[in-house]
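Asks: Encoded as structure tokens, here's the structure I'll be asking about.
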Amino acid sequence: MIIKNITFVNPIEEVEKECDILIEDGVIKAIDSPGSLSYYGNDSIDGTGLFCAPGFFDIHSHFRDPGFTHKEDIETGAAAAKRGGYTGIVLMANTNPSVDNAETLSYVLNKGLNTGINIHTCAAVSMGLKGEALTDMDNLFKNGAIGCTDDGSPLMDENLLRAAMKKCAELKVPISLHEEDKTLIAQNGINRGLASRHYNIEGSPREAEISLVKRDIEIAKETGAALNIQHVSTAETIELVRKARNEGFKNIYAEATPHHFSLTENAVMELGTNAKMNPPLRTEEDRQAIIKGLADGTVSFIATDHAPHSEEEKNQPLTKAPSGITGLETAFSLGIMNLVNENKLSLYRLLYTLCVAPRELYGISCPGLNIGEAADLVIFSTSEKWIYDTTASKSFNTPFKGKEITGKIKYTICGGHIVYEDM
């Protein structure tokens, strides 16, 4: 395959150049000035006016398989990922059965082998996600788990969490935590503030997140575990992470979702259940704090928290409908619209949070940057506008359905194969 006349973006060195890229046997064979490479094959991509970068890597996706395949399965989740420019995915463990045993782990990983992209999964921290007894982490990581999380089920037992962090530090694997103190939340998914008053409910206070983040940063400092604070939603959380990292605790990380840097609680007042998620959308001040955290490196990753639910489930009353929205297909576009085009982040920084830093958390080098590396690439337009009116996912629960958005994935290439092409 040859990609001609493309602008190749290196988010590590923060350079870009116009070039042709030759791919053979799944790896990058040559990168040279346009028109300088000889090529005799049939696969050719005209990259005129487009950009190329390493394929994106999402550290927080729910493919609902096994157990909830009416919402999504590994094949359809991967199809949505490819449409969004992702060549690598880390799945969460809250399936049914949960990924707390080698059999379920093997099922997920083996099914992922047939998707055309790189599917990884976290193992559960606790058996059955109940927060009562630790899983056999040694065995799960020996059998291919890449990290651990009870995402969706906050860990309330401090002693169990400390033991988990000690084990993760010993194994040199990250632990990712959903930070919401359930005892403080009356109705999840709706911010306690304008949104809760609009619906005349109590909602979810910001303190539910802040209190657990304070606790867990201290445990991470004590144990040396690599802690990833998932889907941050408050300015106070950003400041706690910033302080810890400025003190030298570089083992403490945070991720932000596209919906939390794009929307506020006004969206749930306008759109209802398709803007309901945990933690909830909060205020404009919180949104700006998240953006600042992404810009200055306090927030290391953009992660989608792709969380499909069926239309029937989302059509329930607000307080009964499940929390979560889909996100893989729109993450890049929302980054272009709300970060790059608003002069909050450079294109280099956006790409770094999408493809370099997420891999670094798991000790994976970023492919597609140099000759001899795997040809895991995404080709995109930063200016093309399009209507988000179709999906490759089984579910379409998103506040961006039917909206015009900017920035479009044109091709996703994994292992030298075109796995998605915008037709």
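Asks: What are the residues in the range 170-201 that are outside any helix (DSSP H, G or I), touching a strand residue (DSSP E or B) at 6+ places or on another chain (Cβ under 9 Å) and among the polar types (S, T, N, Q), if any?
Replies: Ser176, Gln187, Asn188, Asn191
Asks: Still on this structure: Pick from Gly67, Gly84: which is in contact with a Ser or Thr (Cβ under 9 Å, 6 or more places away or on another chain) and surrounded by fewer than 17 Cβ atoms within 10 Å (Cβ to Cβ)?
Replies: Gly67
Asks: Just the residues that are under 15 Å from Thr391 (Cα atoms) and of a type in the set (A, V, I, L, M, F, W, C), please, taken from the range 75-91.
Replies: Once the filter is applied, which keeps residues that are under 15 Å from Thr391 (Cα atoms) and of a type in the set (A, V, I, L, M, F, W, C), the range 75-91 yields Ala78, Ala79, Ala80, Ala81.
Asks: Kindly state which helices (runs of 4 or more DSSP H) lie completely within the range 213-298 and contain at least 1 residues that are over 26 Å from His62 (Cβ atoms) and touching a strand residue (DSSP E or B) at 6+ places or on another chain (Cβ under 7 Å).
Replies: The helices (runs of 4 or more DSSP H) meeting that bar are 235-246.
Asks: Let me spell it out: the conditions are (1) under 21 Å from Leu354 (Cα atoms); (2) out of contact with any Ser or Thr (no Cβ under 7 Å at 6 or more places or on another chain), and Asp73 meets all of them except one. Which number is the exception?
Replies: (1)
Asks: Next question, about the same structure. Hey, could you check the range 129-152 for residues that are under 21 Å from Glu209 (Cβ atoms), in a loop (DSSP other than H, G, I, E, B) and under 18 Å from the mean Cα position of the chain (by Cα) and say which is modelled with the highest pLDDT?
Replies: Asp150
Asks: Could you give me the residue pairs with C-beta distances under 9 Å whose first residue belongs to the range 89-107 and is open to solvent by 30 Å² or more (accessible area, probe 1.4 Å), whose second residue is in a strand (DSSP E or B) and among the hydroxyl-bearing types (Ser, Thr, Tyr) wherever it lies, and which are 6+ apart or on separate chains?
Replies: From residues that are open to solvent by 30 Å² or more (accessible area, probe 1.4 Å), the pairs are Asn94/Thr149.
Asks: Would you confirm whether any residue within the range 136-155 is farther than 18 Å from Ser61 by Cβ, open to solvent by 10 Å² or more (accessible area, probe 1.4 Å) and touching a Lys or Arg at 6+ places or on another chain (Cβ under 7 Å)?
Replies: Yes, because at least one residue in the range 136-155 is farther than 18 Å from Ser61 by Cβ, open to solvent by 10 Å² or more (accessible area, probe 1.4 Å) and touching a Lys or Arg at 6+ places or on another chain (Cβ under 7 Å).
Asks: Same structure again: Do you know which residues across the range 244-264 are more than 17 Å from the chain's Cα centre (by Cα) and either open to solvent by 10 Å² or more (accessible area, probe 1.4 Å) or at pLDDT below 95 (or both)?
Replies: Those that are more than 17 Å from the chain's Cα centre (by Cα) and either open to solvent by 10 Å² or more (accessible area, probe 1.4 Å) or at pLDDT below 95 (or both): Arg245, Asn246, Glu247, Gly248, Phe249, Lys250, Asn251, Thr264.
Asks: Please specify each residue of the range 181-211 satisfying the condition of being touching a residue at least 40 places away in the same chain (Cβ under 8 Å) and open to solvent by 10 Å² or more (accessible area, probe 1.4 Å).
Replies: Of everything in the range 181-211, those that are touching a residue at least 40 places away in the same chain (Cβ under 8 Å) and open to solvent by 10 Å² or more (accessible area, probe 1.4 Å) turn out to be Gln187, Asn188, Gly193, Leu194, His198, Tyr199, Ile201, Arg206.
Okay, residues lined up against (1) within 23 Å of Gly293 (Cβ to Cβ); (2) under 16 Å from the mean Cα position of the chain (by Cα); (3) at pLDDT 95 or above; (4) not aliphatic (A, V, I, L, M):
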residue	(1), (2), (3), (4)
Val340	yes, no, yes, no
Asn343	yes, no, yes, yes
Tyr352	yes, yes, yes, yes
Tyr362	yes, yes, yes, yes
Ala375	no, no, yes, no
Thr390	no, no, yes, yes
Ser393	no, yes, yes, yes
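Asks: Then there's this: Just to check your reading of the model, which residue among Glu313, Glu329 is at negative phi and over 14 Å from the mean Cα position of the chain (by Cα)?
Replies: So the residue among Glu313, Glu329 that is at negative phi and over 14 Å from the mean Cα position of the chain (by Cα) is Glu313.
The values are calculated or read from the model by the stated rules, or taken from the named source; none is laboratory data. This is a predicted model, so every value here is computed, not measured. For neighbour counting, all protein chains shown are included, and Cβ atoms are generated from backbone atoms with ideal geometry for every residue, glycine included. Just the protein is used for accessible areas: all its heavy atoms, side chains included, with ligands, DNA and RNA removed. Shrake-Rupley method; radii C 1.70, N 1.55, O 1.52, S 1.80 Å.
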